[in-house]
1. Among LEU83, LEU28, LEU19, LEU8, which is touching a Ser or Thr at 6+ places or on another chain (Cβ under 9 Å), open to solvent by less than 80 Å² (accessible area, probe 1.4 Å), in contact (Cβ under 8 Å) with a residue 40 or more places away in the chain and of a type outside the set (D, E, K, R)?
2. When you check ALA39 against the structure, is it under 28 Å from the mean Cα position of the chain (by Cα), modelled with pLDDT under 90 and closer than 19 Å to LEU78 by Cβ, yes or no?
3. Kindly provide the set of residues from the range 176-193 that are touching a helix residue (DSSP H, G or I) at 6+ places or on another chain (Cβ under 8 Å) and among the charged types (D, E, K, R), ordered by number.
4. Among ALA135, ALA120, ALA34, ALA67, which is surrounded by 15 or more Cβ atoms within 10 Å (Cβ to Cβ), at pLDDT below 90 and on the phi < 0 side of the Ramachandran plot?
5. Taking the conditions exactly as written (part of a helix (DSSP H, G or I), out of contact with any Ser or Thr (no Cβ under 7 Å at 6 or more places or on another chain), exposed (fewer than 11 other Cβ atoms within 10 Å of the Cβ) and modelled with pLDDT under 90), does ARG297 satisfy them or not?
6. Cβ-Cβ under 8 Å, sequence separation 6+ or interchain: first residue in the range 306-332 and modelled with pLDDT under 70, partner buried (at least 16 other Cβ atoms within 10 Å of the Cβ). Which pairs?
7. Quick one: which helices (runs of 4 or more DSSP H) sit completely within the range 98-190 and have at least 2 residues that are hydrophobic (A, V, I, L, M, F, W, C)?
8. Of all residues being open to solvent by 70 Å² or more (accessible area, probe 1.4 Å) and not in a loop (DSSP other than H, G, I, E, B) in the range 43-64, which is nearest to LEU111 (Cα to Cα)? Just the residue, please.
Amino acid sequence: MPLRPEQLASALGGSLAPLYLLAGEEPLLVADAADAVRAAARKAGFTERVVYEVERGFDWSVLRGEAASLSLFAERRLLELRLGNGKLGEDASAALCEYASAPPDDVLLLLTGDAFDRRARSSAWFGACERAGVAMYAWPLEAAALPRWLSARAAARGLSLDAAGAGVLAELTEGNLLAAAQEVDKLALLCEPGATLDRDGVLQAVGDSARYAVRDLADAALAGDRPRLTRAIAHLKDAGETPILALWQLTQDLQRLCDGTAHGQPPRRRELLDRVRRRRPAAYWQRLLVQAAAVDRANKGVGEGGDAWQQLTGLALRMAGPGARGADGRQR
């Protein structure tokens, strides 16, 4: 029976299949699925576990032997074969087809693999395994599906991500499932159990090292320190960060400048915001807020005007105002 990754948990809630074949383009989804099968197997009484790495020259008679032998203590066994890229020879195909035709009652076979090519996915042994048990192939998640996946993963760890929070986390991790999973795990450690996180909550919680550079960027923009500002942006770019965290911080400060409020800011930062607000009329900060929205669109690939980092740099420089004058009287 073919299943999608999101269907596996529900399927494991009932009676277990005698065989599970798990592979795909997303290693994290395959690993999570394998962990779920192992947990379900333990719960069902498959207490003994035997693992084989299938490499060149692997003796496939081992599979027949494991299927036919009884455990020393008559326990039910979980037998794992790690297939790699799924490019198997005739002996392997024959052994798997034979096993799938009459799987033993006291053995649960778990086959795991990496990305399989079309030939492997259409092979006789793949089809036999699919008919005898469960076959799950994990294709890369589409961008639209990533926020839902993040919300589900957060819920499994006792957190609630609203749509905006899941969306911004998907943007920050740029579709990298492993990085996204690590950020969710980090949020689970940083936040109270049962916490609900929106966009601002996620941005405040993730990326400690990035936040230091972002704060430095924002403070430099307010202080009019253009060299420090450009160094902070260069640090963020070199670290592989996306512009979204820096843009969020600059937008927050622009909103404070427009509203004339600085609640929750440290005393020195409140003083800095007050000084900067008096430096320009409110209409100026409003125009920069509009520019910030344009940077956001560029970051999402739907705006015009070029690279999002370039636009963000322009926004920060306009916040900073003209550079200091040198001895020759020119602006720096």
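1. Of the residues listed, the single one that is touching a Ser or Thr at 6+ places or on another chain (Cβ under 9 Å), open to solvent by less than 80 Å² (accessible area, probe 1.4 Å), in contact (Cβ under 8 Å) with a residue 40 or more places away in the chain and of a type outside the set (D, E, K, R) is LEU83.
2. no
3. We begin by selecting, within the range 176-193, every residue touching a helix residue (DSSP H, G or I) at 6+ places or on another chain (Cβ under 8 Å); these are 177-181, 183-184, 186-188, 190-191.
Result: GLU183, LYS186.
4. Numbers: ALA135 fails: at pLDDT below 90; ALA120 fails: at pLDDT below 90; ALA34 fails: at pLDDT below 90.
After applying the criteria, what remains is ALA67.
5. no
6. Going by the 8 Å Cβ cut-off, the qualifying pairs are GLY323/GLY224; GLY323/ARG226; ALA324/GLY224; ARG332/ARG226.
7. Filter on the range 98-190 gives 124-132, 146-156, 163-173, 177-190.
8. GLU53
The values are calculated or read from the model by the stated rules, or taken from the named source; none is laboratory data. Because the structure is a prediction, the values reported are computed rather than measured. Virtual Cβ from ideal backbone geometry, glycine too; neighbours counted across all protein chains shown. Heads up: the accessible areas ignore ligands, DNA and RNA and are worked out on the full protein's heavy atoms, side chains in. Shrake-Rupley method; radii C 1.70, N 1.55, O 1.52, S 1.80 Å.
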